[in-house]
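Below: the structure, in structure tokens.
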Amino acid sequence: MTSIPRLPTAPLTTSCRPVFFSGEVERYFLPGVDLEFDGSDRPTLLLPFQSSLLVLTSHRLVFIDEASASAREISLCAIIHAFPLKKSMSIRSMFASPRVRLQVSISNDGTISEKGTKSSVITLVMRGKNTDPDVFYGKFMEVLRSREWELTASANQGSTGLEGSSSGSGVNDLRITMPVVGVSGILRKEQEIWESTDKNLQDAFQDLNALMSKAKEMVQLAEKMRQKLLTTGSNSQGSSNDEEMGSKQDMQDWLLSVGIVSPVTKETAGALYHQQLSRQLADFVKIPLEKAGGMITLVDVYCLFNRARGTELISPEDLLQACALWEKFDVPVMMRKFDSGVKVIQNKSHSDDEVFARISSLAQKPDTLRKGISPSDAAFTLGIAPALAKEHLLSAESRGLLCRDVSAEGLRFYINLFNEIDSANIYTTTKVVGAESHWSELVYVA
Amino acid sequence: MQKLGEFKLPPFFNYPPYFTLQPVRETREKQVQLWKDLILDFCRNQKIFVISLEEDFHLFSNPSIERSLSHEAKVVFLSALVTNGRAEWMDKGHKKCLILWMRIQDWADYILRFVRENGLEDGVMTVEDIRSGFETRGTELAGIDRGVLMRALKLLEQKGKAVIFKGSSADDEGVKFSA
């Protein structure tokens, strides 16, 4: 009797999304999946949790349990054979959960992995409501057929010869190798590379599906271009494409933001679209948050997120819903609305009090005592966006830390001295404690 | 110390936010309190009885810091005085405000005390005498607003401490005080 196969654990991000390998793209989501093994009399469960979320990627099957924030995986390369779906029309099969049987290879220690010495048959049971087994099966077979994990493997083994060119597709094989003779040889080589790149671009943009699969190549291309931009001076090698590149700064910004290889789309996630989008957004927003000092407006996130996705842009409503869903999950970010209506995203660990302390000390420096703080002063000193700085100043005002001064110079804020002024001693300038005496001494030149 | 005429201005008069109506409730309350006291002190010192919002009032601006109160702020502070019974709007449009840095009742008491201290009971004085006559020079009564004086006298009349009557000359009235 064969022993029960085991699945290796799969790493997850803090938002319960799988950590993807380089080049791995998600293809389909299926909720309510169980994995069974027909061993002895009764089927045994292979996962330590029930009703998991199955993520089909180009490289793996990942089973996620959001309640325990844990996951297991089966590498697609370990699947020897997928049995066709049974198409019986009996009443029993109409009400039973659809099943997909897979033959997987098992290594000596019992884990499901590639190149094992034994094999077993396991069953994927789709218990989720409204799941269409045919759609899943179709996608699954497509992914198995394209065998993308092999492409990554071969690319990682190191491409020799041509500099940096690792597009990995079959196009390079057709190139005629010409003898490298002097400068013209080098130029010709470069020309060939750019021609194949151009062809790649044309193929990619003709068909959005093709673009999705080429996404990995696009990111690599972007990386290569970025390297070129960094090193190119007045080199003739790069000059043929300077017009395409446009301004150098724009290009660099765009390249830096091309980070998301597998955007969550309605197609891949179906009914889970908003949930998965919400989790992906939580992962994405971490880096911009850090750069912006812990708080970023929703408008900025909308621009950055869509720019990184490239295609399959999300609407503002999608973004709002995604942020609203964060309340239900345990993610380290939250949306917050200020009194003025401005919506921002901030780290849960962000502390208002800490910002107020910084504002307070800023407001009590010698020149700010006399002249006050404008929102742009605060933005500069605190290192945050001006719109956010204004929000913080307004919050500090409503807490009684600051008070406002409206004049021809605009809106400025001063440390709140109204509380320090003692009605009984309004003529005393010799008060030693508190900020008022400092301010009086400075400003009051008899 | 900074002065406005003979009046010594308090230090916070140079604090720019003092001239901006504060939106936050607690801060606003403190600000209103300070302005109320300042207005009363200033008017008492300068013997000002009427503030007209259509004219510039020196207290409401500070040229050295280039700040002055907005119209809305002036109305807020004066209305606060009215609510406290220390001022009265003289017109429906709230353009002129009578400042009672001494309440009418206080004026009545003051007049009575003055009359007693100077042995003027059973004597007759014209209203104008009280306002600008020799006897009242150096007292608070000198230069008192005529309207305020009349109301104080009427109050005394109700209490039976004085009698107002039309004088022999066409325009002025006289007052006879009783002990």
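The values are calculated or read from the model by the stated rules, or taken from the named source; none is laboratory data. Just so it is clear, the structure is predicted and the values come from calculations on it, not from any experiment. Here the Cβ positions follow ideal geometry from the backbone for every residue, glycine too, while neighbour counts run over all protein chains shown.
Pick from the stretch A:326-378 the residues that are in a loop (DSSP other than H, G, I, E, B) and among the small types (Gly, Ala, Ser): which of them is surrounded by the most Cβ atoms within 10 Å (Cβ to Cβ)?
A:GLY372
Out of the helices (runs of 4 or more DSSP H) lying entirely within the stretch B:6-121, which hold 1 or more residues that are at pLDDT below 90? Please lay out each step first, then the result.
Values: elements: B:25-46, B:71-83, B:104-117.
In the stretch B:6-121, the matching helices (runs of 4 or more DSSP H) lie at B:25-46, B:104-117.
Can you confirm whether the stretch B:2-10 contains a residue that is in contact with a His (Cβ under 6 Å, 6 or more places away or on another chain) and either at the interface with another protein chain (Cβ under 7 Å from one of its Cβ atoms) or within 28 Å of A:ASP367 (Cα to Cα) (or both)? Step through it out loud before you land on a result.
At the first step, the residues of the stretch B:2-10 found to be in contact with a His (Cβ under 6 Å, 6 or more places away or on another chain) are B:4.
If we keep only those that are either at the interface with another protein chain (Cβ under 7 Å from one of its Cβ atoms) or within 28 Å of A:ASP367 (Cα to Cα) (or both) as well, we get B:4.
Yes, there is a match, as at least one residue in the stretch B:2-10 is in contact with a His (Cβ under 6 Å, 6 or more places away or on another chain) and either at the interface with another protein chain (Cβ under 7 Å from one of its Cβ atoms) or within 28 Å of A:ASP367 (Cα to Cα) (or both).
Assess whether A:ARG307 counts as being part of a helix (DSSP H, G or I), touching a Ser or Thr at 6+ places or on another chain (Cβ under 8 Å) and at negative phi. Before you say what the answer is, go through the steps one by one.
Details: part of a helix (DSSP H, G or I): yes; touching a Ser or Thr at 6+ places or on another chain (Cβ under 8 Å): yes; at negative phi: yes.
Yes, satisfied.
Considering only residues that are more than 7 Å from every other protein chain (Cβ to nearest Cβ) and exposed (fewer than 15 other Cβ atoms within 10 Å of the Cβ), look in the stretch A:400-430 and name the one that is modelled with the lowest pLDDT. Before the answer, list the steps.
So in the stretch A:400-430, the residues more than 7 Å from every other protein chain (Cβ to nearest Cβ) come out as A:401-402, A:408-413, A:415, A:420, A:422, A:424-425, A:428, A:430.
Among the residues that remain, those that are also exposed (fewer than 15 other Cβ atoms within 10 Å of the Cβ) are: A:408-410, A:422, A:424-425, A:428, A:430.
Numbers: A:ALA408: 86, A:GLU409: 84, A:GLY410: 88, A:ASP422: 61, A:ALA424: 54, A:ASN425: 56, A:THR428: 52, A:THR430: 39.
The extreme case among them is A:THR430.
Tell me which of these B:TRP35 doesn't satisfy, since it passes every other one: (1) of a type outside the set (Lys, Arg); (2) on the phi > 0 side of the Ramachandran plot; (3) within 12 Å of chain A (Cβ to nearest Cβ).
If we test B:TRP35 against (1) of a type outside the set (Lys, Arg); (2) on the phi > 0 side of the Ramachandran plot; (3) within 12 Å of chain A (Cβ to nearest Cβ), just (2) comes out false.
Yes/no matrix, rows are residues, columns are (1) under 18 Å from A:LEU417 (Cβ atoms); (2) not assigned by TED's automatic domain parsing to the domain that holds A:THR297:
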residue	(1), (2)
A:LYS337	no, no
A:ILE359	yes, yes
A:GLY372	yes, yes
A:GLY383	no, yes
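Among B:GLU26, B:GLU54, which is acidic (Asp, Glu) and more than 8 Å from chain A (Cβ to nearest Cβ)?
Numbers: B:GLU26 fails: more than 8 Å from chain A (Cβ to nearest Cβ).
Testing whether each residue is acidic (Asp, Glu) and more than 8 Å from chain A (Cβ to nearest Cβ) leaves just B:GLU54.
Of the conditions (1) surrounded by 13 or more Cβ atoms within 10 Å (Cβ to Cβ); (2) more than 9 Å from chain A (Cβ to nearest Cβ); (3) over 30 Å from B:LYS176 (Cβ atoms), B:LYS92 fails just one. Which one is it?
Unmet condition: (1).
Within the stretch A:393-410, track down each residue that is in contact (Cβ under 8 Å) with a residue 40 or more places away in the chain and in contact with a helix residue (DSSP H, G or I) (Cβ under 8 Å, 6 or more places away or on another chain). Can you show your working first?
First pass over the stretch A:393-410, keeping only residues in contact (Cβ under 8 Å) with a residue 40 or more places away in the chain: A:394-396, A:398-399, A:401-402.
Residues satisfying the conditions are A:SER395, A:ALA396, A:ARG399, A:LEU401, A:LEU402.
Checking the condition closer than 23 Å to A:SER22 by Cα, of a type in the set (A, V, I, L, M, F, W, C), out of contact with any helix residue (DSSP H, G or I) (no Cβ under 8 Å at 6 or more places or on another chain) and at pLDDT 70 or above, which residue from A:ALA222, A:ALA282 passes? Outline the logic, then answer.
Numbers: A:ALA222 fails: out of contact with any helix residue (DSSP H, G or I) (no Cβ under 8 Å at 6 or more places or on another chain).
None of the other options fit; the residue is A:ALA282.
Quick check, is B:GLN46 closer than 25 Å to B:MET102 by Cβ and facing chain A (nearest Cβ under 9 Å)? Step through it out loud before you land on a result.
Details: closer than 25 Å to B:MET102 by Cβ: yes; facing chain A (nearest Cβ under 9 Å): no.
When the stated conditions are applied, B:GLN46 does not pass them.
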